[in-house]
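The values are calculated or read from the model by the stated rules, or taken from the named source; none is laboratory data. This structure is a prediction, so every number in the text was calculated from the model and none was measured. As a convention, Cβ positions derive from the backbone with ideal geometry for all residues, glycine included, and neighbour counts pool all protein chains shown. Side chains included, ligands, DNA and RNA excluded: accessible areas come from the protein's heavy atoms. Shrake-Rupley method; radii C 1.70, N 1.55, O 1.52, S 1.80 Å.
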Amino acid sequence: MAEAVFHPPRRKRRVFESYEAPFPVDVGGKDFRVCQAEIINNNVIVRNPEDIEQLYNKGYFGKGILSRSRPVFSISDPVLVAKWKGVNTNMPIITSQKYQRRVQWARSVLQEQGLDDGSVTKILDNYTKPLGLPFSKGDGAEQTGASCSRASPNTENTELCEPSSGREDPEGQNGGSEKEGDAAMDSGSGSKDQEKGDSREMAAGSCQRDPPVYCGCEVKQSPEQRAWEVMDSRECAPEYVLVQEEEEGSSCPEDDSTRVQENLVKKEVLICRKNPFRIFEYLQLSLEEAFFLVYALGCLSIYYGEEPLSIVKLWEVFSEVKPDFKTTYMAYHYFRGKGWVPKVGLKYGTDLLLYRKGPPFYHASYSVIAELVDDNFEGSLRRPLSWMSLSGLNRTTANASKELMLCYLIRPSDMTAEEMSTPECMKRIKVQELIVTRWVSSRERSEQDEF
Amino acid sequence: GQKDFRPDGSARQAERLRRCCEEQWRLLSEERPERPGNLVKAEWKPEQGIVELKSPAGKFWHTMGFSERGKQCLLPEEALYLLECGSVQLFYRDLPLSIQEAYETLLCQEAMSLSHYQVFSHLKQLGYIVLRFDPSTVPSPYERQLNLESHCKSSGKHHRKRRRSSSPRLHEKKHKVSGDLPEAEGTSNKDEDDCGDSIPMDEKPLSVQPKESDAGSAEGESMPVPLGIGQKDSLSFSSSQAGDHKEGSTGTHAPRWDFTTITFPNVAPDQPCTHLSAPDNRLLPENVLGREVDAASWCTRINQKQEKLSRKERKQRERESRYKSSVNADQEVRHCSNWQEYKALLERRRQQRVWKRPSHLWDQAVTPLLRPEEVTSPAALLQQISVLQPSHILDGASRLQEDPEAMKIDFNVYQADAVSKFKKTNPGKPHVRMCVRSFDEQIPSLRALKQVTYLSGDVPLVFALVDHGEITFYSLKEFKLPVDVNH
């Protein structure tokens, strides 16, 4: 009998990230942070941006719902960002068209609230008015309109102006001092009254002015909107964007323009405005990931409504949502216990993909199918495979430079349903790993065979 | 030119196909000239299901055929193969068999179906030596451990000298990991013999372990010699030491004394307690009397010597005194009347200091696995959360052997470059063993896999899948994912 040889995973050629920690817990127990998640429609969602960062950066748990994996959603247009390279800013840069679309969406939300057109227009115009000086091409860092990227002097909270994406660095590097009497401040102090009737997104903006407790939302009339205001102060912060627009009545002759046309040059400038329809990206955790964070590490609390759920309850609830949850969870737990990062294997037709250290560093090494059997080593299989299907699966796996692994979870026959109703049953479960390999009979190959 | 991928109904395509078929038929029907002198004559014996040679065997006799009652014989698949090669002429009832007839006639047994033959032929053409599998030739795990294989090989030689180090297995080694864990790491064969096999230690039959994870199953074999089992499993992180597994040496007994009621006087210089009450008679040995006493006079006589510290010690004391304070200066500590209370106080303080444990997780029947204050390294963390136990492919396999439904192994395959040294009478250990299966069958269950892996002994097993003449080979191998801690 020969055992499969372990082939160390290949490192990715270009790694853009640095490794923080294997798990979102500190070894030693200091500064232990318990993150929060909620169950919405049978999905586990994390909304707090700090929690999102913690969970993703340390262990690669979850997936941003608007991103490919790491939550990096931004409405910024990369083409424009490249175009306006000279401008030193962290704010997203979008086209005027895109911005107008958002204004439209905000408009329809306000209209749904029953406000008449006049008020809607007034509110919107006020909210979306330009802040600070417009950017032109060739503007240096001094004119970054630091005003709009700084907190108002009314509050201490300097992080409010972070764009919604997961970017860490604060905008502080936008130099320049705060300019008094600018539009940002004006709109800040003066608009409190008007913003009382705002939609949730814009009222969110008013939170910035008041201490977080007195969210402008609280003075709102419609109670159903209160339900949305579970956000913390950070989420209430308005998002500032740079909108590329054509300047009317340009008066900066010395600036170079992007389009070299003759006299009537419509100069393109960047104008800082508030985004009236902000989209928040959340982190979605798979059921296995969520349960692992709660049960194995104890660093996550999952709420259903207002109520945090106990471990046994979660085990039960998740098993109802996904009938094979226990099987896939046990495999997940086993591989996490070995220091590997399992992610969902949907794209390869299997249950899990195993990464060493994390997706950014190494290519996934193993594609795993998990099956639960009794201690006669038989059981009703989730994926009964013929040799033909196995062959096909092996082929696609090999094409992606992965190895196909079968993971059998062996459960003692005397394990009752009651015992399986808690995750403690795992202590009596054994795990058998098998690797599927193709044997090539042609003679040249057999010399190098690992047999 | 370009391949045609599907029928397009055109006349040109039909014509091309027709010409290809014609060509193929023509090639097949060509007569292959052979020198009649070289052709070995052989006769098919249906009652015995074998082929008897009527003239002396040629070169093929080195790796094929067998002798029976003085006659040279071939197995049906060997004969058919040689017929196709043009090395033998097959007769049945005095008439030569055509290839077509030979296929039909010789391959009607259960042991050698068409698919079996196709695998045989495929491997032979690649130069492998292929023999039928015979379960009785596989040494049992017991025999392997005693290295009887080497004795079989070197029959007639003296027993090799067994050095002490070569029989570690005679010591009964109790291993900590639960249940059956053969030496998954392969070679810790400390034998100096050059059998060189990595001996997969079999599980329970060979040791007198009190704990049986396959509870309820009687031992298949009761081996007289208690042999220790896999000494190491360095990859196992599971804290699988179930309480009942230990011999009870660390069992917690209820203490005989209630220490909360027994007071011990403190006669330290800073806490003079001069009145010592009479000790409880039950604490004293029989002929010893105790009485109460006023130890004041004694106290003046103890702690006389001035502790003279070396300069280094003094300096250290100075340093420490800046940061340390007497534990007794703490009022709360003073309220503790015994160690138990003191420890509880420490625990409370620690909890307050560390973090607030969410009660919906911690005040429940099932709590999180990780206790962060207890782990000091990532490896320790992994150990705390690893509760699932590893299993080896051969675990529990021995008790599955009596199953009549078990899969059969078909061939032993030896490598082509072993031809020169090959001895039919003593072929040695094959390179691989083959199980011939069909493509649309289900893959073997774990149970079937264990059975057949055990049956194969320590030789790797390959499944040969036949699909209308196309053959693919797969194997399902035991694997243990290593633990990855040092990122």
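So that you can scan it fast, the table gives a plain yes or no per residue for (1) modelled with pLDDT of 90 or more; (2) over 27 Å from residue A:406 (Cβ atoms):
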position	(1), (2)
B:350	no, yes
B:359	no, yes
B:368	yes, yes
B:371	no, yes
B:378	no, yes
B:383	yes, no
B:388	yes, no
B:396	no, no
B:401	no, no
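Being open to solvent by 30 Å² or more (accessible area, probe 1.4 Å) and either aliphatic (A, V, I, L, M) or assigned to a loop (DSSP other than H, G, I, E, B) (or both) is the filter here, so list the residues in the range A:29-46 that pass it. Break it down into steps so the answer makes sense when it comes.
The first filter runs over the range A:29-46 and keeps only residues open to solvent by 30 Å² or more (accessible area, probe 1.4 Å), leaving A:30-31, A:33-34, A:36, A:38, A:40-43.
Passing the criteria: A:30, A:31, A:33, A:34, A:40, A:41, A:42.
Taking the range B:362-407 as the range and being more than 20 Å from residue B:140 (Cα to Cα), touching a strand residue (DSSP E or B) at 6+ places or on another chain (Cβ under 7 Å) and of a type in the set (A, V, I, L, M, F, W, C) as the test, only B:388 passes.
Check the range A:377-385 and report whether any residue there is part of a helix (DSSP H, G or I) and either touching a residue at least 60 places away in the same chain (Cβ under 8 Å) or more than 8 Å from chain B (Cβ to nearest Cβ) (or both).
Filtering the range A:377-385 down to residues part of a helix (DSSP H, G or I) leaves none.
No, the range A:377-385 has no match at all.
Those helices (runs of 4 or more DSSP H) of the range B:273-342 in which 2 or more residues are small (Gly, Ala, Ser) and open to solvent by less than 100 Å² (accessible area, probe 1.4 Å) occupy B:296-301. The set of residues in the range A:411-438 being surrounded by fewer than 20 Cβ atoms within 10 Å (Cβ to Cβ) and either outside any helix (DSSP H, G or I) or at pLDDT below 90 (or both) consists of A:412, A:413, A:414, A:415, A:416, A:417, A:418, A:422, A:438.
Yes or no, residue by residue, for (1) among the charged types (D, E, K, R); (2) part of a strand (DSSP E or B); (3) farther than 30 Å from residue A:363 by Cα; (4) out of contact with any strand residue (DSSP E or B) (no Cβ under 8 Å at 6 or more places or on another chain):
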{"site": "A:6", "(1), (2), (3), (4)": "no, no, no, no"}
{"site": "A:25", "(1), (2), (3), (4)": "no, no, no, yes"}
{"site": "A:60", "(1), (2), (3), (4)": "no, no, no, no"}
{"site": "A:73", "(1), (2), (3), (4)": "no, no, no, no"}
{"site": "A:91", "(1), (2), (3), (4)": "no, no, yes, no"}
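Applying the criterion of being more than 8 Å from chain B (Cβ to nearest Cβ) and out of contact with any helix residue (DSSP H, G or I) (no Cβ under 7 Å at 6 or more places or on another chain) to the residues of the range A:404-421, the residue that is nearest to residue A:10 (Cα to Cα) is A:411. All conditions in (1) outside the structural domain of residue B:459 (by the TED database); (2) under 24 Å from the mean Cα position of the chain (by Cα) hold for residue B:369, with the sole exception of (2).
Of the strands (runs of 3 or more DSSP E) lying entirely inside the range B:391-487, those containing at least 2 residues that are at the interface with chain A (Cβ under 8 Å from one of its Cβ atoms) span B:432-438, B:461-467, B:470-479.
For the range A:323-343, which residues satisfy the criterion of being part of a helix (DSSP H, G or I) and out of contact with any strand residue (DSSP E or B) (no Cβ under 8 Å at 6 or more places or on another chain)? Give the steps one after another, and end with the answer.
Taking the range A:323-343 first, the residues part of a helix (DSSP H, G or I) are A:325-336.
If the condition is that a residue be part of a helix (DSSP H, G or I) and out of contact with any strand residue (DSSP E or B) (no Cβ under 8 Å at 6 or more places or on another chain), then A:325, A:329, A:333 are the ones that fit.
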